[in-house]
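Data first, discussion second: the structure below is written as structure tokens.
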Amino acid sequence: MSLSLLSQLSAHYLEALRTHLEQGRQASLMPAHALGTEAVHVGLETLDLAKVHHQALAALILPDCSPSTRAEMTLRAKMFFTEAIVPIEKTHRYAREAGAGLQQLHERLGQRTLDLADSHRELQQGITERMTAEAALENSERISSQLLLESRQLEQQLKDMTHKIMSADEVERKKMSLQLHDDIGQSLLGIHMRLLSLKKQIVVRHEGITQEIATTQRLVESAVKTINQFAHEFGIPHEI
């Protein structure tokens with residue numbers, strides 16, 4: 001604040017306080033409030049205005065006045081000053097309230113940041129779980145397709161072996177049947193066990209792959225049934 005503004009405010013304060021003291025008990029406090037508002041505009045604080053007040057009071061109270069007059073003037077001047085600092089104190093209160101509001105806003109923003117971080121972690125976890133499930137499903141589909149292909153190849157092999165058996169003599173038929181029972185039976189059993197294991201490993205429900213597994217199982221069961229029939233016909237003592 002410039003010295004000219006301070007000097008101008010001091011002069012206004014002196015005149016307003018003089019008028020207030022001259023008017024006695026009927027004096028209005030509105031001029032004091034107006035001076036306080038002016039002090040806020042020029043950037044004065046409470047202590048600054050207190051200095052202005054004391055200087056004005058010292059200039060107005062004459063040295064030869066009686067103690068009672070001095071006490072009365074001091075009391076009324078105090079009321080004037082109390083009203084004058086109201087705008088300054090109100091500004092301070094607003095500043096404190098604004099500071100408290102900013103602090104609350106800062107706390108809310110901090111909590112919001114934490115909430116967003118939690119949401120981000122949950123989202124990343126969900127994405128990871130989904131990618132894992134998709135990878136497991138893709139792997140399961142690949143294994144199922146491979147098993148289905150092997151089952152069909154074995155089914156074709158079974159047909160070829162059946163044709164050879166039917167065209168061979170009795171001794172050769174038994175020999176080929178035993179080989180058919182041992183080799184094809186073990187292979188089909190292995191596929192069947194892998195299908196059961198695959199069912200347990202699937203972590204995502206998928207209608208297509210379930211149908212493929214069911215089809216593969218039906219092929220395996222059909223092949224086993226056919227082998228057992230041949231085993232019975234050719235006197236093989238054990239069934240698959």
Problem - Close pairs from the range 50-62: first within 17 Å of Leu6 (Cα to Cα), partner open to solvent by less than 70 Å² (accessible area, probe 1.4 Å) and among the hydrophobic types (A, V, I, L, M, F, W, C), Cβ under 6 Å, at least 6 apart - result: His53/Phe81; Ala56/Leu14; Ala56/Leu17; Leu57/Ala77
Fill in the blank from the handout: From the option list Leu21, Leu35, Leu17, Leu47, single residue qualifying as aliphatic (A, V, I, L, M), assigned to a helix (DSSP H, G or I) and open to solvent by 60 Å² or more (accessible area, probe 1.4 Å) is Leu47
Completion exercise
Inside the range 2-14, the number of residues satisfying the requirement of being farther than 12 Å from Ala34 by Cβ and part of a helix (DSSP H, G or I) is 9
Practice task
Only residues in the range 1-29 that are within 15 Å of Leu57 (Cβ to Cβ) and at pLDDT 90 or above count as the first member; pair them with residues that are surrounded by 12 or more Cβ atoms within 10 Å (Cβ to Cβ) and of a type in the set (Val, Ile, Thr), Cβ under 8 angstrom, at least 6 apart or cross-chain, and list the lot.
Solution key: Ser10/Val52; Tyr13/Val52
Completion exercise
Inside the range 50-75, the number of residues satisfying the requirement of being open to solvent by 60 Å² or more (accessible area, probe 1.4 Å) and closer than 14 Å to Pro87 by Cα is 0
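The values are calculated or read from the model by the stated rules, or taken from the named source; none is laboratory data. Just so it is clear, the model here is predicted, and its values are computed rather than measured. Don't worry about glycine lacking a Cβ; one is built from the backbone with ideal geometry, like all the others, and counts go over all protein chains shown. For accessibility, only protein heavy atoms count, side chains too; no ligands or nucleic acids. Shrake-Rupley method; radii C 1.70, N 1.55, O 1.52, S 1.80 Å.
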